[in-house]
Structures are given as structure tokens and as C-alpha cells.
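Student: This structure is in C-alpha cells; I'll ask about it shortly.
The values are calculated or read from the model by the stated rules, or taken from the named source; none is laboratory data. Quantities reported herein were computed from a predicted structural model and do not represent experimental measurements. Methodologically, a virtual Cβ is constructed for each residue, glycine included, from the backbone with ideal geometry; neighbour enumeration extends over all protein chains shown.
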Amino acid sequence: MKKIFNFLLALCLIFSVFVNASNVGAIENTQDQSCSTNLPYTLESSDSVFENGSLGQTFVPTQNRLNTLVLNLLINAADDESVLTVSITDFNEETILASKSINITASLDGDQMLYIDFYDYNWQQYDVPLTPGDTYKIKLTSTTGGGNVRWSFRADPNCVAGGLSIVGGVMNLDKDFGFTTMGYTYVAPVVPPADTPAPAVAPTTTPTTPTADANTPDTTTAEPAAQTTDATTGDIAEDNVELVSAQLISSDDKMPSLLFWSILTGGIILLAATITFLQIKFKIFNKIFKSKKVKFAKK
């Protein structure tokens, strides 16, 4: 009994994972913009974040979503612990699209390719939306600690197309900082247009011919709509009927997978609980039966 219960419980967990996985689309990150700097990073090929107030690097994305940023940093955490703030803004820094703070500790000492994940796995709510072709800025600031975080650069004006470095608010066209942006291109689902119903034909009314009897009131009779002989009108009406029928059939054929797997998972949990309950009752009954059997034997 215990083995059966464990098997059903494991099966329930597998189905739960399957349901969650089926409702969260897998997103494949790919590299977009990048400037690679050579290891090892040195003082001569890097700039201090704290000593310059801030460092920045512009880039022009080709993807419309950013969720991972890689920075090539030289960190000397033995000097002093600090907090590094990394922000993604528009070119004029009027809008902060995303920002994260990282505690610089001894574990990050040395040459680092620091990965900063802007993606939260709960409904993708922290992906950074970008417009391909627009210019954005990566900005680094350090509000505490000393100059222990340095950003490696490459003295190549074409290290990244359309990008430039910014040191203490001053733009530099002769070098780029080491970084890589990773993301994907989000395509919104296409919602099919609603079917346009055929125009309704209003009924026509014609007055009846008055009779000679003055006491007979005037009446009007509603005649059915005249059937049009226009083949085009008839085709439109038939097409609309077919479209509506097809839409109803297709909607009936689509099984709500989430509801199905939820009911199935709940059924398995209920079955496992029932088996456990019966197992406990059986053990209690067995103990009572054995105790009575012993008493009877003593008598």
C-alpha cells in the first residue's frame, strides 16, 4: 500500500510540473549587441565607476526584449565592499527602463563577466522592452565604497556598431566598454477579426385598401421580406452561416488543457488521500482485532 501511495504521489508531482511547463512558453535568449575586451583586465584598460561618478555605454538593439546583461569588470573587493547599481535608460536618461543593485563582495574579486538578469520567471514581468533601431544607455554608478569596481574598455571606436562610451558624463568616440546584451524578439499573438454579420433586411409594410364600410378601421399588414434575386447577397449570407458554424465547431473541439490537467491532478491527489486514509483505518482495525484476539486467548 505504501509503495502504491508513493507512486501516485510521484505521478501527481509529474503532472503538476507538466501543467506548469505547458503554460509557460520557453524563451530562447540570443546575443544581440556586444563589445569583447581582452583578458586580463588591467588598470590601464579600465575606468573606475566610483572615481568618475558614473560610467555609461550606448547601444542600438535589433531585438525588442532585453533580459540579460553581461559586464566585463575588474573588481578588487579586498579594498572595500560597495554597491554597484546598473541601469538601462534611454539615451537622454529621461526614462529608467530597468535597474538593479549588486553587492560587491569578496566572491566577485578579480576579472569578472558579471551576469545581470532582468528577467523574472513569474510571468516575464521584468523583461526590458526595447525599440529596435533606437539608442539606449547602460549606466553604472557606485554610491558606497571606494573605487574597487572598474569597467574594462577596448580602444576601438567600432567595437560595437552605433555605440560609444561615457565617462563622468563625457562622451568618448574612441573606445567602448566591454558588455553583451542578450534577449529575444517578442511577437504579439495575432487576434483574428470578428465575423461581420450579414445586414438585416427590414420588413416592409403596405396599407390595405379602405373598404366602403366606414366602421371598418384601417389596418396594415406586415409582409415577409422579399427574397432578393441578387446572387451576391445570397452568397454572403451563406458564407456567414458557414463561418459561424465553423467557429462554433472549432471552439467546441478545443479542450481547455489547463482545466483538464488540473482536474486530473486533483483526482490523483484525492485518490492518494483516500488510499492513505484506508491504510490508516486498516492499521487501526488490525490492532483492535489483534488485541481482542489476545484477550480471548487468555480467557
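Student: Select from segment 47-62 the residues that are more than 13 Å from Phe91 (Cα to Cα) and surrounded by fewer than 21 Cβ atoms within 10 Å (Cβ to Cβ) and list them in ascending order.
Tutor: Ser48, Glu51, Asn52, Gly53, Ser54, Thr62
Student: For segment 131-158, which positions are at pLDDT 90 or above and either surrounded by 21 or more Cβ atoms within 10 Å (Cβ to Cβ) or part of a strand (DSSP E or B) (or both)?
Tutor: Once the filter is applied, which keeps residues that are at pLDDT 90 or above and either surrounded by 21 or more Cβ atoms within 10 Å (Cβ to Cβ) or part of a strand (DSSP E or B) (or both), segment 131-158 yields Tyr136, Lys137, Ile138, Lys139, Leu140, Thr141, Val149, Arg150, Trp151, Ser152, Phe153, Arg154.
Student: Next question, about the same structure. Out of Gln33, Gln63, report the one residue that is under 27 Å from the mean Cα position of the chain (by Cα) and closer than 13 Å to Phe177 by Cα. I'd like the intermediate steps shown before the answer.
Tutor: Values: Gln63 fails: closer than 13 Å to Phe177 by Cα.
One residue alone meets the criteria, Gln33.
Student: I've got another one for you. Does segment 85-95 include one or more residues that are more than 21 Å from Val170 (Cβ to Cβ) and out of contact with any helix residue (DSSP H, G or I) (no Cβ under 7 Å at 6 or more places or on another chain)?
Tutor: yes
Student: Okay, moving on. I'm trying to understand the selection: among the residues of segment 164-191, which are over 17 Å from Val128 (Cβ atoms), touching a strand residue (DSSP E or B) at 6+ places or on another chain (Cβ under 7 Å), in contact (Cβ under 8 Å) with a residue 60 or more places away in the chain and of a type outside the set (Phe, Trp, Tyr)?
Tutor: If the condition is that a residue be over 17 Å from Val128 (Cβ atoms), touching a strand residue (DSSP E or B) at 6+ places or on another chain (Cβ under 7 Å), in contact (Cβ under 8 Å) with a residue 60 or more places away in the chain and of a type outside the set (Phe, Trp, Tyr), then Leu164, Ser165, Ile166, Val167, Asp176, Gly178 are the ones that fit.
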